[in-house]
Number of protein chains: 2
Amino acid sequence: MFQELLQQAIKGDHKSIARCISLIENEVPGFEALFSTMNTEKSAPVVGITGPPGAGKSTLVDQLIGSYVNEGKKVAVICIDPSSPFNFGALLGDRIRMSEWYNHPSVFIRSLASRGSLGGLHPMVIEITDFIRMCNVDVVIVETVGVGQSEVEIAGLADATVLVLVPEGGDEIQFMKAGLMEAASVFVVNKSDREGADRFTILLKSMLHSSGRFADDGSNNVVNTVASTGEGIEALRECISNVLVENTSIEKRIPLLARRAYRLIEKRRMADINIQLLVEELTDLVKQQKFNLYQFINKYK
Amino acid sequence: MFQELLQQAIKGDHKSIARCISLIENEVPGFEALFSTMNTEKSAPVVGITGPPGAGKSTLVDQLIGSYVNEGKKVAVICIDPSSPFNFGALLGDRIRMSEWYNHPSVFIRSLASRGSLGGLHPMVIEITDFIRMCNVDVVIVETVGVGQSEVEIAGLADATVLVLVPEGGDEIQFMKAGLMEAASVFVVNKSDREGADRFTILLKSMLHSSGRFADDGSNNVVNTVASTGEGIEALRECISNVLVENTSIEKRIPLLARRAYRLIEKRRMADINIQLLVEELTDLVKQQKFNLYQFINKYK
């Protein structure tokens, strides 16, 4: 039954894709064997979009979807929701804005919550992304809100990562996201009609230049947009395409594949740890005043 | 020899502490057995200080050290340097400012770089912190720059975490660090003499209130400071003390200990993975066009 469903999903049937994802999410036996037979290398590229809430990221994704769809492309979007009580307002807004695409035949949208009391990404996000890439789509967009470790991680796992910034907060904002800035390869200055946008853009370009990360001065990797009006969207798409082409070289792909492999191995090796059980055992020992952290972890060799 | 050195370190001898840390850093055989015999539970509290560069975090740490030293306390400081090309300027400034304490007999300072092409914390940071706590100090301050996943992680591992913010960027800044905001229990509005500080403080308090994280409305966990003049430092110390006292309850300590245990287990289980080797193997397969991610990770079961 899984094989049949799979065949439909690979053809691009949205219902089947959604069901397969649920099977992967719930780690239904057999889903792993599936990946071993699939060629993840010859599939749609993954574009990560990240940045702080309020940067207009979702409006930008909205416009990007429109731009791809208008060219007859098929788009899959994965939204990673941080499970933070501080973000509900912003996220709700995002979801409402994005909803116009929910029922479009060329667009598949799925939200994944970041899970686990220990933080981090949804445990199956790499597998789910790899799966969707193979389902007859032209591009997969993964949107994360720049709030912590998850977005840096996912940025490291996408084929091209777009960091959306806004010209405000003076010259400090870019420092704040340095972890992200290293993972990103496309830098969007959104709301570029705002005062101070020129100065911000110049500053950003000079930072990228001095970072020495790019073969040229990096200014080709900076795009000015006004997402609310659609200004700059085509330039952004071109920039993303260029990065994707560059990143098909072995030198660029190897670190990406290595990171993916490492994360998957890590997850697999930690899969037997039942956190609730660990907490219970630990609580007992602490209550008996017999707890020593380094003795305790020896149980989990 | 390690035992002798250890005895000196536990008495608080700075040279011996520094040497022991080097042994731990280099994972010299025998260092692990050491921890199993030590009582990490009856040792100095760990205070994490984090926030974006430019928030005045280091000046604040500087003032905190002074405040502890004036009361005859012994302080250890660990600085986690992100290995980001974007931060050299800011960090250099930090280090210079902090240096006045480098040779003070009551103050021990050590810098640790975050390592590894795959990101994340210095691999031995939990062990090193646990070690310093036992070396006859009254408090351990761990300073991280809020740039990515490391600082959220370390925040989750400290007994009390202080998030340093500045009143700027309007009402968006707090959203940016939501991951951190959940990990933090003390919120500093530094540079409180700036315009907009009152509005910012009110907004922050109302966010903490509506988060429902605190038994009261959370306003007692917000401190206004002007680090450059020392204003608010005593209030900050009191706030930190209160949080540390609260966090000695079993309910508060269990999640913290569980996170520490989990990270240590994770690190140990991944220790056999030679990343360079993994990359080489992977490169060969990619070049031969024989690479399948999910087949590849089966080698590392």
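Just so you know, all these numbers are worked out from the coordinates, no wet-lab data involved. As the structure is a computational prediction, the values presented were derived from the model and not from experiment. Note that we place each Cβ from the backbone using ideal geometry, even for glycine, and neighbour counts take in every protein chain shown.
For A:Ile109, the residues 5 or more places off, or on other chains, whose built amide H falls under 5 Å of its own are A:Val77. Taken residue by residue and averaged, Cβ atoms of other chains lying within 10 Å of the Cβ of A:209-219 number 1. Which distances, in nm and shortest first, link the A:Ile10 label point to the same label point in every other copy, taking 7 Å along Cα→Cβ? Those label-point separations list as 6.3 nm. Ordering A:Thr201, A:Thr144, A:Thr229 by the number of other Cβ atoms within 10 Å of each residue's own Cβ, fewest first, gives A:Thr229, A:Thr201, A:Thr144. For A:Lys73, the point set 7 Å out from Cα toward Cβ sits 5.5 nm from its twins in the other copies, listed from shortest up. Ranked from shortest, the separations from the 7 Å Cα-to-Cβ label point of B:Thr229 to its equivalents in the other copies are 4.4 nm.
Mind running the shape call on segment A:181-301? Use the C-alpha gyration tensor, a ≥ b ≥ c as the square roots of the eigenvalues: rounded below 1.5 for a/c, prolate if a/b tops b/c, oblate otherwise.
Values: a/c = 3.20, a/b = 2.31, b/c = 1.39.
Note, shape of segment A:181-301 comes out prolate.
Alpha carbon centre of segment A:279-301 versus segment B:220-269: separation in Å? Answer, in whole Å: 22.
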